[in-house]
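Structure first, then comments.
Each reported figure results from applying straightforward, stated rules to the coordinates on display, with no laboratory input. Computed from a predicted model, the values in this text were never measured in an experiment. Quick reminder, even Gly has a Cβ in these numbers, built from the backbone with ideal geometry, and neighbours come from all protein chains shown.
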Amino acid sequence: EAHVRVACRPVGIPGHSWGANASHGMSIGFKGMATAAKALGLAGADLLTSPNILEEAKKEFREKVKGRTYTSLIPPGQEPPLANR
């Protein structure tokens, strides 16, 4: 498994705090988010251009979800919230 971490706030600033919110809206946050977006984009490009990597990812996913079924938390027939406006 590979993990990518980027800095969007200074070390020591706890997540979900006013300091984190302030940092995320400043240059450190924007630079970190842009770096994360580049990493995700390049990973997607690898999946699209390397069939063997894509097959490995699919195999790993199937192994991790084996025996599990997806159940939506949205009730059947639920209208989108904006439909009532």
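Yes or no, residue by residue, for (1) in contact with a Cys (Cβ under 8 Å, 6 or more places away or on another chain); (2) closer than 26 Å to GLU63 by Cβ; (3) of a type in the set (A, V, I, L, M, F, W, C):
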{"residue": "HIS3", "(1), (2), (3)": "no, yes, no"}
{"residue": "ILE13", "(1), (2), (3)": "no, no, yes"}
{"residue": "PHE30", "(1), (2), (3)": "no, no, yes"}
{"residue": "ALA37", "(1), (2), (3)": "no, no, yes"}
{"residue": "ALA43", "(1), (2), (3)": "no, yes, yes"}
{"residue": "LEU47", "(1), (2), (3)": "no, yes, yes"}
Counted residues, segment 1-38 - those being farther than 30 Å from LEU54 by Cβ and of a type in the set (Val, Ile, Thr): 3
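Yes or no, residue by residue, for (1) surrounded by 10 or more Cβ atoms within 10 Å (Cβ to Cβ); (2) under 18 Å from the mean Cα position of the chain (by Cα); (3) at negative phi:
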{"site": "VAL11", "(1), (2), (3)": "no, no, yes"}
{"site": "ALA20", "(1), (2), (3)": "yes, no, yes"}
{"site": "LYS31", "(1), (2), (3)": "yes, yes, yes"}
{"site": "LEU40", "(1), (2), (3)": "yes, yes, yes"}
{"site": "ASP46", "(1), (2), (3)": "yes, yes, yes"}
{"site": "ILE53", "(1), (2), (3)": "yes, no, yes"}
{"site": "ARG62", "(1), (2), (3)": "no, no, yes"}
